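So the structure is just underneath, and the comments pick up after that.
Just so you know, all these numbers are worked out from the coordinates, no wet-lab data involved. Fair warning: this is a prediction, and the values are worked out from it, not measured in the lab. We place every Cβ from the backbone using ideal geometry, glycine too, and count neighbours over all the protein chains shown.
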Amino acid sequence: MKYNEEVAYNLGLSLEDIYVLEKIEDNIRDTVLSKDGNNGEFSFNQVDLFKMCKFVFKQVNKNDSEDTIRKIYKTNNAKFNKMLKGSLGKVLIKGENIKKQSKSESYFKINKEIRTILINGYPKVVDLELNDIEKLVVDELKMKTIGKNIRTQLKSMDIDKLKVAIGIAKEHEILDYPYVKSIYNNLDSNVKKPQESPNSQGSNENVNFQNSDTNIVPQNSNNTSKNSKQFVPTVKTRYHNINQTFTNYEPDELEKLLQESQKGKFTCDDPSDTKFNYDDCPF
C-alpha cells in the first residue's frame with residue numbers, strides 16, 4: 001500500500017476505500033479516466049470505475065439480462081455513493097454530474113492536503129522549532145507533535161518543576177502528557193514557600209519541589225502505592241470481648257474465643273427431662 005497506514009487508519013479508510021482511491025489515482029491520465037484540468041478536477045464514468053474495481057463492485061457477466069445488469073449497476077452506484085459519504089469522501093470530493101456524449105460522468109477532485117499527509121504521513125516535529133521545555137516534553141514523553149493547546153500551557157510552566165513531574169510519572173510507568181500535567185498541578189499546589197530569615201532577601205532559588213505529600217500523584221482506585229499500608233476492613237461483631245478481626249486467629253483459637261464469650265449465655269435443659277422447654281434452647 002502506497003499510503004501511510006497510520007493516517008489511513010485515523011481517517012477511517014477501509015481496504016475497499018484505499019483500493020478504489022489507488023485505482024482512480026493510477027488511471028487519472030489514462031484514456032479510461034479523463035482529466036479535464038478544470039481547477040484540478042477530473043471526470044470519469046462510474047461504470048468504467050466499477051469495471052476496474054472488480055474486487056469492490058459486483059461485475060456484470062456477458063450472459064446477464066438487461067434487467068439484471070440494471071440492478072447490478074444500481075447496487076454498485078448505491079455502494080459507491082455510500083463510500084463517498086463516508087471516509088472516502090474525505091479524500092475524494094464529488095462534484096456535479098455532467099453529460100458527456102452518450103455517457104453520464106461525474107466531476108471529482110482530490111483533497112490535496114489530506115492526500116499529501118496520506119502519502120507522506122504526519123509531519124514530524126522539527127527540533128529547531130522547539131524551545132527547551134517543548135523539547136523536554138517531546139523527548140521524555142515520546143510525542144511526535146505538540147498541539148497549540150499544549151504549547152500554550154508549556155509557556156506558563158516551570159521547566160525544573162516539570163522535570164520533577166516527569167520523574168514521578170516515570171516511577172509510576174505512565175508517560176503521557178495529561179498524567180504529567182496533573183502531577184505538575186499537584187506539585188504546584190503542594191509546594192511550600194521557604195521560611196525567610198531576617199537576613200533573607202526573599203530569594204526562592206532553593207525551593208525544593210520534592211514534596212512528600214501523597215496528593216501529588218493522581219490516585220487510581222485500582223492501584224496501591226508501594227509505601228502505603230494495607231487496609232484491613234474491621235469486622236464488627238456483637239462479641240464484645242473480641243477486639244480483633246477474625247482473620248487474625250487460627251480456627252481453633254477463634255472457636256475457643258467464641259466458646260468463652262458465650263459461656264453461660266444460653267442454658268438448655270436435657271430433652272429427656274419432662275420439664276424440657278424448647279423456647280430456652282438456642283438451636
* Using θ = phi - 60° and the Karplus form 6.51 cos²θ - 1.76 cosθ + 1.60, what ³J(HN,Hα) does each residue of the stretch 9-22 get, whole Hz, x for Gly and Pro? -> 5, 5, 6, x, 6, 8, 4, 5, 4, 5, 4, 5, 4, 5
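Please arrange Leu15, Leu21 by counting, for each residue, the other beta carbons lying within 10 Å of its beta carbon, fewest first.
Values: Leu15 11, Leu21 21.
Sorted ascending by nearby Cβ count, the order is Leu15, Leu21.
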* Quick one: what are the phi-derived ³J(HN,Hα) couplings along the stretch 106-113, Karplus 6.51/-1.76/1.60 with θ = phi - 60°, whole Hz, x for glycine and proline? => 10, 8, 9, 9, 8, 5, 5, 5
* For the stretch 54-83 and the stretch 143-159, what is the separation of their Cα centres, given in Å? -> 52
* Using θ = phi - 60° and the Karplus curve 6.51 cos²θ - 1.76 cosθ + 1.60, what whole-Hz ³J(HN,Hα) does each residue of the stretch 153-167 get, with Gly and Pro shown as x? -> 5, 5, 4, 9, 9, 8, 5, 5, 5, 5, 4, 5, 4, 5, x
